[in-house]
1. Assuming THR144 fulfils every condition listed in (1) within 21 Å of TYR249 (Cα to Cα); (2) at pLDDT 95 or above; (3) assigned to a helix (DSSP H, G or I); (4) not charged (D, E, K, R) apart from one, which condition is it?
2. Using the structure shown, decide if GLY88 is modelled with pLDDT of 85 or more, among the small types (Gly, Ala, Ser) and in contact with a helix residue (DSSP H, G or I) (Cβ under 9 Å, 6 or more places away or on another chain).
3. I'm trying to understand the selection: among the residues of the stretch 200-237, which are of a type in the set (S, T, N, Q) and without any contact (Cβ under 8 Å) to a residue 60 or more places away in the chain?
4. In the stretch 119-166, which residue that is β-branched (Val, Ile, Thr) and in contact with a helix residue (DSSP H, G or I) (Cβ under 7 Å, 6 or more places away or on another chain) is surrounded by the fewest Cβ atoms within 10 Å (Cβ to Cβ)?
5. Any idea which of (1) within 23 Å of LYS218 (Cα to Cα); (2) surrounded by 21 or more Cβ atoms within 10 Å (Cβ to Cβ) is the one VAL100 doesn't satisfy?
6. Counting only residues that are at pLDDT below 95 and more than 20 Å from the chain's Cα centre (by Cα), which one in the stretch 167-200 is surrounded by the most Cβ atoms within 10 Å (Cβ to Cβ)?
7. Is there any pair linking a residue in the stretch 139-160 that is at positive phi to one that is outside any helix (DSSP H, G or I) and not aliphatic (A, V, I, L, M), with Cβ under 9 Å and at least six apart or on different chains, and which?
8. Could you list, in sequence order, all residues of the stretch 251-270 that are buried (at least 24 other Cβ atoms within 10 Å of the Cβ) and either assigned to a helix (DSSP H, G or I) or hydrophobic (A, V, I, L, M, F, W, C) (or both)?
Amino acid sequence: MKAKKMSPSTASVITAFVGVAALMVVFSIMNPNFIKPDSVMALLRSIVPFLLVGIGQAYVCITGNIDLSIGSVLGMSTMISATMMCNGSDPWSASLVALVCCMAIGFVNGILVGKWKMPPFIATLGTMTIGRGIAQLANNNYNTGSIGSDPGAQGFKDLFYYGDFLGIYSGVWIAIIIWAVFYYILAYTRTGRHIYAIGSNVDAARLSGVNVFTATCKAYLVSAFCSYITGLIVMAQSGMGSMDAGMTYEMYAVAAAVIGGVSTLGGSGSLVGVIAGAAVWAVLQSGLTFAHVPVAYRNIIIGIIVIVCVLIDVIRRTGGLKKKPKKAAA
């Protein structure tokens, strides 16, 4: 009886987790402080934003698309909610308004890509620019002041960042809950099956009765929601709104997804792998910082890793290294 062959996606997930373990060992040897309890808890908290935006990007990538507006939606979430709070609104009303604005961007992305068939790179590049503009205009091209330390503001900061439960920071619990919900949706519901189907073969999915527009919209709405939550966490951490919040998070999201085995070509990947991808990214950032590696070199190293992961996926899916047979001479 032949042994069942491991799928490329599963192999990528295992490789990512092995990579996390290897990095932890290497950095702990370089600096024993890296694995002290306080450092490990800080590392867990640093994984949260990478995991959340990685979940959103994974949903979109599995449909065969991409979302470049993630960082701008995060910035909108931060600036809209912080500006309203600084102007006297309670945290929950401000958060609700920010949610509506962020989900509107996700819905527009879904319409542009799923209904009007606009290339996702161009569509989300446009909404990325629009979103960043809205973030800048929210407080008239200024960062906000402190959101304050009154009970409402402090409760908000504790809920999204500084509080803890069973010794684990509240932001980590939020990420766990969101991951579990979206993992279940992707793995066990009709919506999840449709998302995989349109990523594998959009024409076949359409002929099978899948509503491509609806499934694409849902993927972009998940991405927008994850970016929105990440924006609230970033704002709770800093206690203010920054117009630059979310810059480069598009790269973080892609890195967490592809390192975790989500195919950029669509149709395969798992949110289990996104955990490993986010952890690799966070461990690299933290470990290289502990090793006193300059920021420029850190960016180069991480950029190379992202490119290699995407290249491996493309080669595996398309046979990119195979030479095309020469045409016979006439």
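The values are calculated or read from the model by the stated rules, or taken from the named source; none is laboratory data. Computed from a predicted structure; not experimentally measured. Glycine also receives a Cβ, built like all others from the backbone with ideal geometry; neighbour counts cover every protein chain displayed.
1. Answer for THR144: the failing condition is (3).
2. Working: modelled with pLDDT of 85 or more: yes; among the small types (Gly, Ala, Ser): yes; in contact with a helix residue (DSSP H, G or I) (Cβ under 9 Å, 6 or more places away or on another chain): no.
When the stated conditions are applied, GLY88 does not pass them.
3. Correct list: SER208, ASN211.
4. Among residues in the stretch 119-166 that are β-branched (Val, Ile, Thr) and in contact with a helix residue (DSSP H, G or I) (Cβ under 7 Å, 6 or more places away or on another chain), the one surrounded by the fewest Cβ atoms within 10 Å (Cβ to Cβ) is ILE134.
5. Of (1) within 23 Å of LYS218 (Cα to Cα); (2) surrounded by 21 or more Cβ atoms within 10 Å (Cβ to Cβ), only one is false for VAL100: (2).
6. SER200
7. Going by the 9 Å Cβ cut-off, the qualifying pairs are GLY148/GLY239.
8. TYR252, ALA253, VAL254, ALA255, ALA256, ALA257, VAL258, ILE259, VAL262
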